[in-house]
1. Once the mean 1/r over all distinct Cα pairs of segment 39-136 is inverted, what Kirkwood radius in angstroms do you read off?
2. Starting from the Kirkwood Rh over alpha-carbon pairs, what translational D in µm² s⁻¹ does segment 50-98 have by Stokes-Einstein at 20 °C and 1.002 mPa s?
3. Give a quick list of chymotrypsin sites (Phe, Trp or Tyr not before Pro) in segment 50-149 that DSSP marks as loop, anything other than H, G, I, E or B, with at most 10 other Cβ atoms within 10 Å.
4. When a footprinting reagent is the concern and you count Cβ atoms within 10 Å, what order do Val109, Val55 take, fewest first?
5. Modelling each spin label as a point 7 Å along the Cα-to-Cβ direction, I'd like the Lys73/Arg134 distance in nm, to one decimal.
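Read-outs: derived from the displayed coordinates by stated rules, not from any lab. Everything numeric in this text was worked out from a predicted model, so none of it was measured. For neighbour counting, all protein chains shown are included, and Cβ atoms are generated from backbone atoms with ideal geometry for every residue, glycine included.
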Amino acid sequence: MRNIDFAPLYRSAVGFDHLSQLLDAVTQREQNQPSYPPYNIERLDKDQYRITMAVAGFTQDELIIESELQSLKVRGEKAAEQAERQYLHQGIAARNFERVFQLADHIRVVSANLENGLLHIELQRQIPEAMKPRQIPIGASSEKLIEAR
């Protein structure tokens, strides 16, 4: 595991102390998270992303997607089978899962759809108007000079 020294950042920036906590949490979570189900994360455009998860065997009713604060949680909960089966080989995973993705500021889930065993989750960065750069007009001073008599 790598250690990152944030001391230079703390000398010139304010409010970034949560970065080290975020990196620690992500590293810890990644070590504890199983690799099932496999997934891809794509950047489609400057502010558009897609997470694609291979969830073969799951129906829409068995998948739960929750977005809270800066995290996205995807869970798959298979219903218990009524009939007992005797498998000679079981290579298709049909187990429950939970995967959590940490989202950056202003990343919102736009949509999700299930197609051919792939769950596509569309994400978009939506920067609030108050945070977008704006040009400040320069006006004339309202002070009037009083001429000396």
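1. With all distinct Cα pairs of segment 39-136 included, I get 15.6 Å.
2. 167 µm²/s
3. Tyr87
4. The fewest-first ordering by Cβ neighbours comes to Val109, Val55.
5. Those two pseudo-labels are separated by 3.7 nm.
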